[in-house]
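What follows is calculated from the coordinates using simple rules that are stated; it is not laboratory data. Remember, predicted model here, so these are calculated numbers, not experimental data. Every residue, glycine among them, receives a Cβ derived from its backbone with ideal geometry; neighbour counts consider all protein chains shown.
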Amino acid sequence: MSRKLRSFYIGALAVTGLGLIGTSFVPKAHADAWDKKTIVTINEPIIAGNMVLDPGTYVWKLLDSPADRHIVQIFDKDQRHLKETVLAIPNYRLQPTGNTQFEFWETPAGVPKAVRAWFYPGDNFGQEFAYPKKLVAQLASAAPVPIPTNYREPEPTPAPAPEAQPAPEPAAQPAPAPEPEAQAQPEPQAQPAPAPAQPQALPHTASFNPLIGLMGLSFLSLSGLLTLATKRA
């Protein structure tokens, strides 16, 4: 192998190694798309998981775990205090939207709305929260019944005394009416079978950055060995 050709291979390996190492340190361009970070501002109390969130601003995002992509964390506005952690389940929608969307469970009167599903902008798959039965029951039993301020209980009025009337003459008893025949009850209609569950896609988890960095170091090491061999030759 000539000296010029050997120098060319050494330079090519060095440039390739530096390029791969630099690529491994490039930050993620879509960090919010990975953890679904969303700033949520509410103007009335809502139930999220097993906690009632007061009006204010909160940060919602997924736990940074490649193994489970359905753990929702709710922080305060400055992300200094973790308010609630919810173990959600996958939810699917047919038409994605360009903004954050929430769906709510129906709750009794006087009880805050409970979050049912949270969808990140542009995603078909979202996070579904279980219905907080115990919390809703506690809030419903503690909620007072609203009474109008102008409500007054009516005062009982005395019944008028009955006037004395002459005894009526006995009248002929009418013949008993025939009993109606029992009608056949309609048979219950069969309920339609539930629709099959929609298929769910698996999220992307792993990253190739460490492997790329390792390949870059290997190329640099090989170029150094070739340079040393050239100087000795």
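Among the criteria (1) over 22 Å from THR41 (Cα atoms); (2) in contact with a helix residue (DSSP H, G or I) (Cβ under 8 Å, 6 or more places away or on another chain), the one LEU135 does not fulfil is (2). From the list LYS77, LYS113, LYS83, the lone residue that is basic (Lys, Arg), more than 18 Å from LEU135 (Cβ to Cβ) and over 12 Å from the mean Cα position of the chain (by Cα) is LYS77. Total residues in segment 107-129 satisfying the condition of being closer than 16 Å to PRO45 by Cβ and assigned to a loop (DSSP other than H, G, I, E, B): the figure is 7.
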